[in-house]
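Peer 1: Below you'll find the structure I mean.
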Amino acid sequence: MKNKNLPKIELHSHLDGSINPKTIFDLGKKLNINLPTDSFDSFVEYVRAPANCDSLKTYLERFVLPIEVMQTKENLERIAYEYILNIEESNVKYVEVRFAPIYHINNGLTIDEVILSVIKGLNNGTKKTGIKNNLIICGIRSMSVEKNIEIFKISEKYLGRGVVAVDLAGNEADFPPIIHKKAFDLAKNIGFNITVHAGETGCYSNIATSVNELHATRIGHGVSAINDANTIKLLKDKNITLEVCPTSNIQTKSFESFEKHPFKKLLDLNVNVTLNTDNMTVSNTTLNNEYNIMENTFNLSNDDFINIYKTSVNASFTDTLTKKELLKYI
Ligand SMILES: [Zn+2]
């Protein structure tokens, strides 16, 4: 079977990094936002990171305009709806999409309104396509632990009603995970599933901290585990799943080239590895594209991709019945 026909699961995808460039452009004009250019063709470069970014910081700057247009209920709902429609081309059967509600209250929306608008848009997309979805709420590393606690507390009422988990995202280099331990102790007590961005741009010790102190059962990226045998052992002993996003890792300079990316090594070490996009727009990718790149770089077989699918279903934060249904696709 060709990769594009394989059923797929997306577990690591940021809503604000995955908006149609044309939608950002059109909404920006409608909102009278000062866009860097009047021509859509040249606008695209302002929302896509260059193939070779000089740093994670440059990568993160590409989120400024998307976030500016995500400040009304209508826009949030539209963007979430279009997101689900967009992933249909990659034959995605189930998605856990994530975003940070705190970034969307600049024009007066409440956190509740923000979350409800996104859930509504995603569910409209599900009605249209049949692609099942759940939402992950991101806490932000550079915000105070109190702020993240507040967001997680508000999100509690949506647990099991669209929201399944919390995450910690943002600048990993300057804000180590331990700062936010209190917020993740609370999230665990509430009953949220937990995934944490860690070991993305270097420091593998953040992976162990995220697992042992922040109660993460999945790790966003986690690719620097390849540099430390003890971290690999921890991932295997505790049955932790990595949400790997190769194109994003190359852009943020975690690895020089796809050939040097540890995706295949991690698979061979029997670490639970899943394949994801991170940001379809900022990284100019799709899940099909990530599959094709990994297939071409490492000569992966159909069986490898079927195993990745099974790993993704097992590691997903959905209910047992949905997992059973998802397994029927292979
Ligand atoms: Zn991410």
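A short reminder: the numbers here are calculations on the coordinates, not readings from a lab. Computed from a prediction, not measured in an experiment: that's the story for all the values here. Cβ sites come from the backbone with ideal geometry, for glycine too, and all protein chains shown count toward neighbours.
Peer 1: In percent, what relative contact order does the stretch 51-182 have, based on Cα pairs under 8 Å that are 6 or more apart in sequence? Intermediate values should be presented prior to the final figure.
Peer 2: Numbers: 168 pairs, mean separation 33.3, N = 132.
RCO, the stretch 51-182: 25 percent.
Peer 1: Fewest first, what order do Leu168, Leu321 take by the number of other Cβ atoms within 10 Å?
Peer 2: Starting with the residue having the fewest Cβ neighbours, the order is Leu321, Leu168.
Peer 1: Still on this structure, I have one more. Taking the beta-carbon count within 10 Å as an exposure proxy, list Cys245, Cys53, Cys203 from fewest neighbours to most.
Peer 2: In increasing order of surrounding Cβ atoms, one gets Cys203, Cys53, Cys245.
Peer 1: Okay, moving on. About the Cα centre, and with charges only on the beta carbon of Lys, Arg (+1) and Asp, Glu (-1), how big is the dipole of the stretch 205-310? Nearest 20 debye, please. If you can, show how the numbers build up before the last one.
Peer 2: Values: 9 positive and 12 negative charges, 42 e Å.
Using Cβ point charges on Lys, Arg, Asp and Glu, the stretch 205-310 gives about 200 debye.
Peer 1: Now for a different question. Could you work out the relative contact order of the chain? I mean the mean sequence separation of Cα pairs under 8 Å and 6+ apart, divided by the number of residues, in percent.
Peer 2: 20
Peer 1: Could you please report the charge total around Asn107, scoring K, R as +1 and D, E as -1 over all other residues with beta-carbon less than 13 angstrom from its beta-carbon?
Peer 2: The answer is -2.
Peer 1: Order 269-277, 149-157 from most to least packed using the mean count of other Cβ atoms within 10 Å. Could you put the intermediate results ahead of the total?
Peer 2: Numbers: 269-277: 22.4, 149-157: 17.4.
So the order, starting with the most tightly packed, is 269-277, 149-157.
Peer 1: Size of the dipole of the chain about the Cα centre, Lys and Arg at +1 and Asp and Glu at -1 on the beta carbon, nothing else charged, in debye to 20? Write down the numbers at each step before the final one.
Peer 2: Values: 37 positive and 39 negative charges, 178 e Å.
The dipole magnitude comes to about 860 debye.
Peer 1: Give me the Kirkwood hydrodynamic radius of the chain, using the inverse of the mean 1/r over all pairs of distinct Cα atoms, in Å to one decimal.
Peer 2: On the way: mean 1/r = 0.0508 Å⁻¹.
Kirkwood hydrodynamic radius for the chain: 19.7 Å.
Peer 1: While we're on this one: Would you mind counting up the charge near Ile19? Only other residues with Cβ under 13 Å from its Cβ, with Lys and Arg at +1 and Asp and Glu at -1.
Peer 2: That sum, taken over residues with Cβ under 13 Å, equals -1.
Peer 1: Going through the stretch 221-312, which trypsin sites (Lys or Arg not before Pro) have at most 14 other Cβ atoms within 10 Å and a DSSP loop state?
Peer 2: Lys238
Peer 1: Tally Lys and Arg at +1 and Asp and Glu at -1 over the other residues with C-beta under 15 Å from the C-beta of Ser316: what net charge comes out?
Peer 2: Around Ser316, the charge tally is +3.
Peer 1: Follow-up question, since we're still on this one. Could you give the distance between the Cα centres of the stretch 252-315 and the stretch 181-204, to the whole Å?
Peer 2: Here the answer is 22 Å between Cα centres.
Peer 1: Beyond 26 Å between alpha-carbons counts as too far, so tell me which of Lys4/Lys323; Lys8/Lys153; Lys57/Lys127 fall in that bin.
Peer 2: Lys8/Lys153; Lys57/Lys127, as the Cα separations exceed 26 Å there.
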